[in-house]
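The next block holds one structure in the form of structure tokens; read it before the comments.
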């Protein structure tokens, strides 16, 4: 008997692909799956047959032709393969079997320019293409991720029912994530964490910025931990309790939550806590670098996000740092005795820095939409980050509120809520940064976020001297404060008759 055609197909049965396929099946959709190694497909189907309630909705195929022909037209095919050349190769292999109006959905960590290129090329062949960012790791893929699709509205309409079904859900009133699903029993009700982001590469660009914010979020939390450990002499379990307490307040987020869990994890191979045995060399897969590079290219001041990327790069120089630690001297560290007061100050520094970090991310997206001809809904983007994704946080509801209050908001720091929070917390924020500097403790994220705040609120900056220098050595011209913007001047330096400085 011929099998019924599947509602959707998925190529790539790595951890993310397997979990997303099960999520789709749990929500009542039949799904065809394919992996370039047939034995992996067989193994996955066999495991599901014994362990997954929705296994009857999974259809494994050993050839691409059988896989494509096993999907109902117009076909929807999800790609979860390695970004870059592997994605292009997979698309090329699929093309001979696809028909006009079929939809390819790339859920890999693709570079947005690749997505723009692919969408344009496939449209010329009568195919529709969606570049959908997906965040939440393997658990999110299995039980509800945040999904950021970019592409035509026509293509989105065809994909929408499935994407809304499998996305994470948040409470309509509070904006907080609903309780997690279990295999075979998806979450009912709630607001799905997915919306159409914009044309072509918009979805993957927004996912990239999400990851850049994730970098700075993690760096800020690690600096708060490091200050408590070194300045206050706190043990891991005591810090775990602090992060658990913070997770019940305005800092409530997935990353704060898991930090509390990590810090109280005993070392399975000895005494003490595991965090004290984890090597201090952070890895990175590239999306944070893309974010920083895009900010540089577009001239958007995302210095704190870039600093988080550089902090990971510096951490990777472990052997060099070990040598330098014996040769380069800093101040003698002075422990603080008023633990409660400084914990409160670190909390304020963390919250204020977080505001600045997110302000940089949204400012970067605002600049990108101008460059790429998109129209992004920043309030909606904050909404779909409230659940499922790595940076999910109660804080994001405040961002949604800010853009509802002022859809044309130039910078999150100008919103009344965030402005008041910065005004209230900046004294302690400055004290924390100053204390860290005096004791030689690196806080690149706290410090760069503070520099961003002080720079943005400054009506006048020393860039006048920089522009004069540029005109001096390169005849780049300058504008004058007593003339309209856009009117440029040049001086043949040094000016005739000007006294020369004595050396």
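What follows is calculated from the coordinates using simple rules that are stated; it is not laboratory data. Bear in mind that the values here come from a model prediction, so they are computed numbers and not experimental data. Glycine also receives a Cβ, built like all others from the backbone with ideal geometry; neighbour counts cover every protein chain displayed.
Using only Cα atoms, find the angle between the long axis of helix 85-94 and the longest principal axis of the chain, and express it within 0 to 90 degrees, rounded to the nearest 10.
Approximately 20 degrees, to the nearest 10.
Output the relative contact order of segment 205-456, whole-number percent, from Cα pairs under 8 angstrom with separation of 6+ residues.
Values: 323 pairs, mean separation 70.3, N = 252.
The value is 28 percent.
I need 400, 287, 443 ordered by Cβ neighbour count within 10 Å, fewest first. Intermediate results must be reported in sequence, preceding the final value.
On the way: 400 19, 287 22, 443 25.
Listed from fewest to most nearby Cβ atoms, that is 400, 287, 443.
Can you give the angle from 0 to 90° between the axis of helix 463-474 and the longest principal axis of the chain, with both taken from C-alpha atoms, to the nearest 10?
Result, in degrees: 90.
Points 7 angstrom from Cα along the Cβ direction at residue 280 and residue 459: gap in nanometres?
Between residue 280 and residue 459, the label points sit 4.3 nm apart.
In what sequence, highest mean first, do 195-208, 101-114, 363-376 appear when ranked by Cβ atoms within 10 angstrom? Write down the numbers at each step before the final one.
Values: 195-208: 26.5, 101-114: 22.8, 363-376: 16.9.
Taking the mean over residues of other Cβ atoms within 10 Å, the ranking is 195-208, 101-114, 363-376.
Shape call for segment 173-295 from the C-alpha gyration tensor, a ≥ b ≥ c root eigenvalues: rounded (a/c under 1.5), prolate (a/b greater than b/c) or oblate?
Details: a/c = 2.09, a/b = 1.40, b/c = 1.50.
It comes out oblate by the Cα gyration axes.
With each pseudo-label sitting 7 Å past Cα toward Cβ, what's the residue 237-residue 319 distance in nm, one decimal?
The answer from the label model is 3.8 nm.
Using only the alpha-carbon atoms, how far is helix 303-315 inclined from the longest principal axis of the chain? Give it as 0 to 90 degrees, nearest 10.
Approximately 80 degrees, to the nearest 10.
Give me the one-decimal nm value for the distance between modelled label points at residue 492 and residue 334, 7 Å along each residue's Cα-to-Cβ direction.
5.7
For residue 65 and residue 4, calculate 0.36 nm times their separation in residues minus their Cα-Cα distance, and state this gained length in nm to one decimal. Kindly include the intermediate steps, with their values, before the conclusion.
Details: separation 61, 0.36 × 61 = 21.96 nm, distance 1.60 nm.
Length gained, residue 65 through residue 4: 20.4 nm.
Test of understanding: ordering 92, 222, 135 by Cβ neighbours within 10 Å, fewest first, what list do you get? Please list the in-between numbers first.
On the way: 92 9, 222 18, 135 25.
Lowest count first: 92, 222, 135.
What ranking, highest mean first, results for peptides 422-429, 269-276 when packing means the other Cβ atoms within 10 Å averaged over each residue? It would help to have the intermediate numbers written out before the result.
Working: 422-429: 16.8, 269-276: 12.1.
Per-residue Cβ counts within 10 Å, averaged per peptide and sorted highest first, yield 422-429, 269-276.
Could you tell me the calculated FRET efficiency between residue 420 and residue 267, based on Cβ-Cβ distance and R0 = 45 angstrom, to the nearest 0.05? It would help to have the intermediate numbers written out before the result.
Details: r = 43 Å, r/R0 = 0.95.
Efficiency at R0 = 45 Å is approximately 0.60.
Take every Cα pair under 8 Å in segment 8-200 that's 6+ residues apart, average their separations, divide by the length, and report that relative contact order as a whole percent.
Working: 383 pairs, mean separation 38.8, N = 193.
It rounds to 20 percent for segment 8-200.
Which of rounded, prolate, oblate describes segment 355-503, given a ≥ b ≥ c as roots of the alpha-carbon gyration tensor eigenvalues and a/c under 1.5 marking rounded, otherwise prolate only if a/b is larger than b/c? Walk me through the numbers on the way to the answer.
Numbers: a/c = 2.82, a/b = 1.63, b/c = 1.73.
In terms of gyration-tensor shape, oblate.
Looking at the chain only, what percent of DSSP beta bridges run antiparallel? Nearest 5 please. It would help to have the intermediate numbers written out before the result.
Working: 12 of 34 bridges.
Approximately 35 percent, going by the DSSP bridge assignments.
So, by mean Cβ neighbours within 10 angstrom, what's the order for 141-147, 466-472 with the highest one leading? Present the calculation step by step, with values, prior to reporting the outcome.
Numbers: 141-147: 27.6, 466-472: 13.9.
With the highest mean Cβ count within 10 Å placed first, the list reads 141-147, 466-472.
Can you work out the FRET efficiency for the pair residue 406 and residue 171, with r the C-beta to C-beta distance and R0 = 35 Å, to the nearest 0.05?
On the way: r = 25 Å, r/R0 = 0.70.
It comes out at approximately 0.90.
Taking R0 as 22 Å, what's the FRET efficiency between residue 55 and residue 185 from their Cβ-Cβ distance, rounded to 0.05? Please report the intermediate quantities before stating the final value.
Values: r = 15 Å, r/R0 = 0.66.
Given R0 = 22 Å and the Cβ-Cβ separation, E is 0.90.
What does the C-alpha gyration tensor say about the overall shape of segment 1-84? Classify as rounded when a/c is under 1.5, otherwise prolate if a/b is larger than b/c, or oblate.
Numbers: a/c = 1.26, a/b = 1.01, b/c = 1.24.
Since a/c stays below 1.5, the shape of segment 1-84 is classed as rounded.
Sequence gap at least 6, Cα distance under 8 Å: using those rules, report the relative contact order of the chain to the nearest whole percent.
13
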